[in-house]
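Report on the structure given below.
The values are calculated or read from the model by the stated rules, or taken from the named source; none is laboratory data. Fair warning: this is a prediction, and the values are worked out from it, not measured in the lab. So basically every Cβ, Gly included, is an ideal-geometry build from the backbone, and we count neighbours across all protein chains shown. Accessible surface is based on the protein model in full, side chains and every heavy atom, while ligands, DNA and RNA are left aside. Shrake-Rupley method; radii C 1.70, N 1.55, O 1.52, S 1.80 Å.
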Amino acid sequence: MHNEIIQVKLTNTGKTLDVVVFSKRLDVIQIVLGEGVHSVRCDLTPTRNGLAYAGNAMGRELVYERSRDQVKADLAREAGFRD
């Protein structure tokens, strides 16, 4: 089984975290922070301008700095389609 790992940025500190993708669709990316019983799920939704995905987990804002078009291309590539 292949777990996709992406990097998200914490806006308050500027640090990046590697997180596991639970589900990836064009309208929402669900990620999992942590492991085991202490893991937390977070939904990342596209920003208004479509240049990133953002969400909140435990009072912290997380940003995945890929545009909606880039995620669409990623999903197409995973499904076996060419650009």
**Q.** Selection from segment 1-49 of residues that are basic (Lys, Arg), farther than 18 Å from residue 59 by Cα and open to solvent by less than 80 Å² (accessible area, probe 1.4 Å)
**A.** 24
Q | Filtered residues of segment 1-35 (kept if charged (D, E, K, R) and in contact (Cβ under 8 Å) with a residue 40 or more places away in the chain) | A | 9, 24, 25
**Q.** Residues of segment 53-64 classified as surrounded by fewer than 16 Cβ atoms within 10 Å (Cβ to Cβ) and either closer than 18 Å to residue 2 by Cα or at pLDDT 95 or above (or both), total
**A.** 2
**Q.** Residue count for segment 42-52, restricted to those that are within 11 Å of the chain's Cα centre (by Cα), farther than 11 Å from residue 6 by Cβ and not hydroxyl-bearing (Ser, Thr, Tyr)
**A.** 4
